[in-house]
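Okay, so here's the structure we're looking at.
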Amino acid sequence: MSVSLPPVKKKPSEAQIEATINKGGKTTKEVIPQTPDTVKHFNIRLTSGILSAIDSEREKRPRKPGSPKLGVSTHDWIVEAILEKLEREKDK
């Protein structure tokens, strides 16, 4: 196998360097306009005691006949609680 030298790179002129620097660019992340109905995801950490209290409140809700599932999911229960709290705070 023959060995050859790497290709010679042409050095850009100062004008080309300045043009590259000054050409500008865009951010790497597109900015999406936010509306009040835009769904945002986040994680929440709750103690097992709080989750047990939520589960006991969920058990009080009516279920579908014959269904082993509780009437409302933990997620929905937390969302309802947040909305109720916001409504109470708005009335103050």
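Of note:
- The charge dipole of the chain, taken about its Cα centre with unit charges on the Cβ of Lys, Arg, Asp and Glu (plus for the first two, minus for the last two), comes to roughly 340 debye.
- Couplings 3J(HN,Hα) for the range 71-87, derived from phi with the Karplus relation 6.51 cos²θ - 1.76 cosθ + 1.60 (θ = phi - 60°), are x, 9, 6, 4, 4, 5, 5, 5, 4, 4, 5, 5, 5, 5, 5, 4, 5 Hz, where x marks Gly and Pro.
- Listed values for the range 50-65 are Karplus-derived 3J(HN,Hα) couplings in whole Hz (6.51 cos²θ - 1.76 cosθ + 1.60, θ = phi - 60°), namely 5, 5, 5, 5, 5, 4, 5, 6, 5, 5, 6, 6, x, 10, 6, x, and x replaces Gly and Pro.
- When the chain is reduced to its Cα atoms, the Kirkwood hydrodynamic radius in Å: 20.5
- Here's the picture: charge each Lys and Arg Cβ at +1 and each Asp and Glu Cβ at -1 in the chain, and of SER13, VAL31, PRO68 the one pushed furthest to the positive end of that dipole is SER13.
- For the chain, the mean residue ellipticity at 222 nm estimated from helices alone is -13500 deg cm²/dmol, where every DSSP H run of n ≥ 4 contributes -39500 (n - 2.57) and the total is divided by all residues, rounded to the nearest 500.
- When peptides 33-42, 10-19 are sorted by average Cβ neighbour count within 10 Å, with the highest value leading, the order is 10-19, 33-42.
- J(HN,Hα) series, the range 29-37, from Karplus relation 6.51 cos²θ - 1.76 cosθ + 1.60, nearest Hz, glycine and proline x: 10, 6, 8, 9, x, 8, 10, x, 8
- For the range 34-84, a/c is not less than 1.5, where a ≥ b ≥ c are the root eigenvalues of the C-alpha gyration tensor, and a/b does not top b/c. That puts it in the oblate class.
None of the figures in this text is laboratory data; all of them are computed from the coordinates on show. Note that this is a predicted model, so its numbers are computed, not measured. For neighbour counting, all protein chains shown are included, and Cβ atoms are generated from backbone atoms with ideal geometry for every residue, glycine included.
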